[in-house]
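Okay, here's the structure, questions in a sec.
The values are calculated or read from the model by the stated rules, or taken from the named source; none is laboratory data. Since this is a predicted model, take the numbers as computed values, not measurements. In this analysis, Cβ positions are derived from the backbone assuming ideal geometry, glycine residues included, and neighbour counts consider all displayed protein chains.
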Amino acid sequence: MTDRYRQAGVDLDAGEAAKRRIGAAIRSTRTELARGRVGAFGGMLRVPSDIADPVLVMSTDGVGTKVLVASRAGRHDTVGEDLVNHCVNDILVHGARPCAFLDYLALAEIDAETVVALVEGVARGCRAHGMTLVGGETAQLPDLYHAGHYDLAGTIVGVVSEGAALHGDRVRPGDLLVGYASTGLHTNGYTLARRIAFDDLGLDVDTQVPELGTTVGEALLAVHRSYWSAVAPVLGRIHALAHVTGGGIPGNLPRALPDGCGAVVQAGSWAVPPLFTWLAAAGRVAPDEQARVFNLGVGMIAVAPAGDVDGIRAAARAAGVETWVIGDVVAGDGVRIVR
């Protein structure tokens, strides 16, 4: 009998085979909060009992065109971890503990090795945070995606005690800004970075770049850092947090500040990694555009009273994350980068 659906581009058997292989990765993330069966229509999770007045904090995001670099390199085991870490950081800024994760993978055709690598990366990120991968979706959409291309997104659920949630309302003029080192582009600015590296310079993922001491692919696929271990021990000392993603420092720091408060950031107060200076020079990217497109080496910013900064930095150092005091909060609004 002719299989019309397969002829149209959707292979249900391949999808089922991939699901069976990723079951082990999903089961490896289950915590004591997990309920229900792996592979059910919905994922179930108990709310932690050790948090008073629990509030759920949820966020959805993706890894953007970083997946095109992964496809070009034939390496798919890192972008899943990128996705989890990005989402963890997004709820960390509200003081939330990660509890559950769901992933969404859309692609033209099921390639079992690619799908398994992607989900194993997601599972690795979940295990690192004691978080259950409660479910997900793999969609074959041959009419929407070119062969070999895919999109990856995820939704995270976290929890925080209502009284401990960070909203930025405690921020005051005189608070200091602590910048946490990034591990590279993280998951933003890849459309420009790819254009510079692959189109303008004509390089490929295996090209060695002396200025970077590594290949283009290794530099661009560096895993998005999670700041959970560096920040969680000192959340009670922090007035606000900003995850530096698309829009850079000027686009994200204002989201953590209340009305009547602005910030002055001192350019040169932290070490800008060679990747960013190389991209800026090769692509002739102006400083203001660099600051809006790239994180420039700062992936998270904590806003805290001056007296708590040493303790906050010590916690980050213990977690292996470099920090700098990069500016302060002032009366007014907006963010100024002073050079």
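Any chance segment 10-31 includes a residue that's basic (Lys, Arg) and modelled with pLDDT of 80 or more?
Scanning segment 10-31 turns up at least one residue that is basic (Lys, Arg) and modelled with pLDDT of 80 or more.
So is residue 170 in contact (Cβ under 8 Å) with a residue 60 or more places away in the chain, of a type outside the set (S, T, N, Q), surrounded by fewer than 22 Cβ atoms within 10 Å (Cβ to Cβ) and touching a His at 6+ places or on another chain (Cβ under 6 Å) or not?
yes
Another one. Modelled with pLDDT of 95 or more and of a type in the set (Val, Ile, Thr) - does that describe any residue in segment 97-118?
No, there is no match, as no residue in segment 97-118 is modelled with pLDDT of 95 or more and of a type in the set (Val, Ile, Thr).
Right, something else. Return the only residue of 299, 307 being assigned by TED's automatic domain parsing to the domain that holds residue 190, assigned to a strand (DSSP E or B) and either in contact with an Asp or Glu (Cβ under 6 Å, 6 or more places away or on another chain) or not charged (D, E, K, R) (or both).
Of the residues listed, the single one that is assigned by TED's automatic domain parsing to the domain that holds residue 190, assigned to a strand (DSSP E or B) and either in contact with an Asp or Glu (Cβ under 6 Å, 6 or more places away or on another chain) or not charged (D, E, K, R) (or both) is 299.
If a residue has to be out of contact with any Asp or Glu (no Cβ under 7 Å at 6 or more places or on another chain) and farther than 20 Å from residue 128 by Cα to count, how many in segment 57-102 make the cut?
Matching residues across segment 57-102 total 10.
Just to verify a result, which residue in segment 267-281, among those that are buried (at least 16 other Cβ atoms within 10 Å of the Cβ) and either more than 22 Å from the chain's Cα centre (by Cα) or among the hydroxyl-bearing types (Ser, Thr, Tyr) (or both), is nearest to residue 292 (Cα to Cα)?
By that ranking, first place goes to 280.
Going through segment 214-237 one residue at a time, which ones are surrounded by fewer than 20 Cβ atoms within 10 Å (Cβ to Cβ) and in contact with a Pro (Cβ under 8 Å, 6 or more places away or on another chain)?
Across segment 214-237, the qualifying residue is only 237.
Just name the residue that is surrounded by the fewest Cβ atoms within 10 Å (Cβ to Cβ) out of those in segment 173-190 that are among the hydrophobic types (A, V, I, L, M, F, W, C) and outside any loop (DSSP other than H, G, I, E, B).
Only one residue tops the list, namely 176.
In addition: Counting only residues that are among the charged types (D, E, K, R) and within 18 Å of residue 182 (Cβ to Cβ), which one in segment 290-322 is surrounded by the fewest Cβ atoms within 10 Å (Cβ to Cβ)?
The selected residue is 317.
Look at segment 50-78 and say how many of its residues are of a type in the set (A, V, I, L, M, F, W, C), closer than 18 Å to residue 159 by Cβ and either outside the structural domain of residue 88 (by TED's automatic domain parsing) or modelled with pLDDT of 95 or more (or both).
Here the count works out to 4.
Right, another one. Looking for whichever is over 27 Å from residue 72 (Cα atoms), touching a residue at least 24 places away in the same chain (Cβ under 8 Å), in contact with a strand residue (DSSP E or B) (Cβ under 9 Å, 6 or more places away or on another chain) and not assigned by TED's automatic domain parsing to the domain that holds residue 323 here; the options are 160, 122. Which one fits?
Among 160, 122, only 160 is over 27 Å from residue 72 (Cα atoms), touching a residue at least 24 places away in the same chain (Cβ under 8 Å), in contact with a strand residue (DSSP E or B) (Cβ under 9 Å, 6 or more places away or on another chain) and not assigned by TED's automatic domain parsing to the domain that holds residue 323.
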